[in-house]
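Structure in structure tokens, see below.
The values are calculated or read from the model by the stated rules, or taken from the named source; none is laboratory data. Here the structure is a predicted model, which means the values were calculated and not measured. Cβ placement follows ideal geometry from the backbone for every residue including glycine, while neighbour counts extend to all protein chains displayed. Heavy atoms of the whole protein, side chains included, go into the accessibility calculation; ligands, DNA and RNA do not. Shrake-Rupley method; radii C 1.70, N 1.55, O 1.52, S 1.80 Å.
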There are 2 protein chains.
Amino acid sequence: MHGRGIFEAEKRRALERLHKEGADDDIAGLIELLNGFDDYFTTSSCSGRVILISIPEIGAKEEAEFIAKWHRKVSKDEVLKAMGTWKDADGELWLMSQSPILHVSCASIEKAKQLLSLAIASGFKYSGIKSITMKRVMVEIMSTERMDVPVGKGGSDILQRTIPGFYRIEGELHARARQE
Amino acid sequence: MHGRGIFEAEKRRALERLHKEGADDDIAGLIELLNGFDDYFTTSSCSGRVILISIPEIGAKEEAEFIAKWHRKVSKDEVLKAMGTWKDADGELWLMSQSPILHVSCASIEKAKQLLSLAIASGFKYSGIKSITMKRVMVEIMSTERMDVPVGKGGSDILQRTIPGFYRIEGELHARARQE
């Protein structure tokens, strides 16, 4: 089996997996649209999320541990409650609002270029081609909308829970990432 | 002039510009190394920076205005002083620590793939191919180390200047991004 045959076999497997595992509601329509084209299929996706993550030291993301994950707007109280469960005396706690992300397998470099141009023109400026092989070209689609905030260090809350507008903006950011 | 000839002419112009404008000290060695290879040249670079930026509304980055920029570690007092000069009653103020970034023009897709693999394996996981034309393939090299923190809204300081460990972590993050 060569080139196109391999691509089509991989697409069938990806669609079976998608059918079984599903996708975030907010992004399901876009995924269906992309998978409707012969030259593309999606391999993973997230509609954007807010996470609280415990990191042993900056940069050591492999050893990071999720304290909480939300695929929706969150309230200040929810975030504070989740922060209260964190107790890592050596690590850091980060609150992050992450962009929607899509990985799209493309049948050729030409098709990848077209998708990439469209993604960047639509505001997903952190998009790029992540790998090129004989079998497929992988495009990652991401926007620049994000928040990466250190909120705890050495087991204690460094923001002292005094930030009135903070989590409200967080909610707005997440909402905005979804509009794009 | 075709393919390789255009690439070489563009490289000459880029090196002249670099010679005139210079590059950040911390990244000058890497740039020189890359430009030493026939198949690559750098078109822009930043060794990583800490910025305070005023944004009319989330996402409207085109209309953003720099309040301060540092290409080095910053102290809490420096950041607070710069924050004090900001007065946009409608906008938001964000403190960001940005990853080193490099744009490298590559003579072929094959050369771009090699550079991209090396960059990702070296920890610059946000790297990707941003454009492919007959003349060149552009690779963007970036790491995941960053901070994006809303610190002001409607002209006032939403963090209330109470965060003891905050700017220290900021300094560490910037130092870490440079180590990679």
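Name the residues of the stretch B:101-121, by number, that are at least 30 Å² less accessible with every protein chain in place than in the isolated chain; the surface is that of heavy atoms, probe 1.4 Å, without ligands or nucleic acids.
B:Ile109, B:Lys113
A follow-up question, please. Could you give, in nm with one decimal, how far B:Glu21 is from each other copy of that position, shortest first, with labels 7 Å out from Cα toward Cβ?
4.2
I would also like to ask the following. Please list, ordered by chain and number, the residues whose modelled amide H lies under 5 Å from the amide H of B:Ser44; skip anything fewer than 5 residues away on the same chain.
HN-HN under 5 Å from B:Ser44: B:His103.
What does the structure give for B:130-138 when I average, per residue, the other chain Cβ atoms found within 10 Å of the residue Cβ?
3
Can I ask one more? Rounded to the nearest 100 Å², what's the accessible area chains B and A bury against each other, both chains counted, probe 1.4 Å?
3400 Å²
Rounded to the nearest percent, how much of the accessible area of the stretch A:65-162 (1.4 Å probe, protein heavy atoms only) is carbon and sulfur?
Taking all protein chains in place, the stretch A:65-162 shows 55 percent carbon and sulfur surface.
I need the shape label for the stretch B:42-152. Rule: rounded when a/c is under 1.5, else prolate if a/b > b/c, else oblate, with a, b, c from the alpha carbon gyration tensor.
Prolate is the answer for the stretch B:42-152, as a/c is 1.5 or above and a/b outweighs b/c.
If you roll a 1.4 Å probe over the stretch B:1-40 with all protein chains in place, what percent of the accessible area is carbon or sulfur?
Roughly 52 percent, rounded to a whole number.
Taking a 23 Å limit on the Cα-Cα distance, which of the listed pairs A:Lys113/B:Lys135; B:Lys11/B:Lys125; B:Lys11/B:Lys130; A:Lys125/B:Lys125; A:Lys135/B:Lys111 fall beyond it?
Where the Cα-Cα span goes over 23 Å, the pairs concerned are B:Lys11/B:Lys125.
Taking θ = phi - 60°, what integer Hz values does the Karplus form 6.51 cos²θ - 1.76 cosθ + 1.60 yield along the stretch B:81-87, in sequence order, with x for Gly and Pro?
Ordered by residue, 3J(HN,Hα) equals 4, 5, 4, x, 8, 8, 9 Hz.
Let me ask something additional. Give a residue-ordered list of calculated ³J(HN,Hα) values for the stretch A:22-32 (Karplus: 6.51 cos²θ - 1.76 cosθ + 1.60, θ = phi - 60°; whole Hz; x for Gly, Pro).
x, 9, 4, 3, 5, 10, 4, x, 5, 5, 4
What ³J(HN,Hα) values, in whole Hz, does the Karplus curve 6.51 cos²θ - 1.76 cosθ + 1.60 give for the stretch A:97-109 when θ = phi - 60°, with x put for Gly and Pro?
Ordered by residue, 3J(HN,Hα) equals 10, 9, 4, x, 9, 9, 10, 10, 8, 10, 6, 7, 4 Hz.
Further, regarding this structure: When each copy gets a label point 7 Å from Cα toward the beta-carbon at A:Asp77, what are the spacings between them in nm, shortest first?
Listed shortest first, these distances are 4.2 nm.
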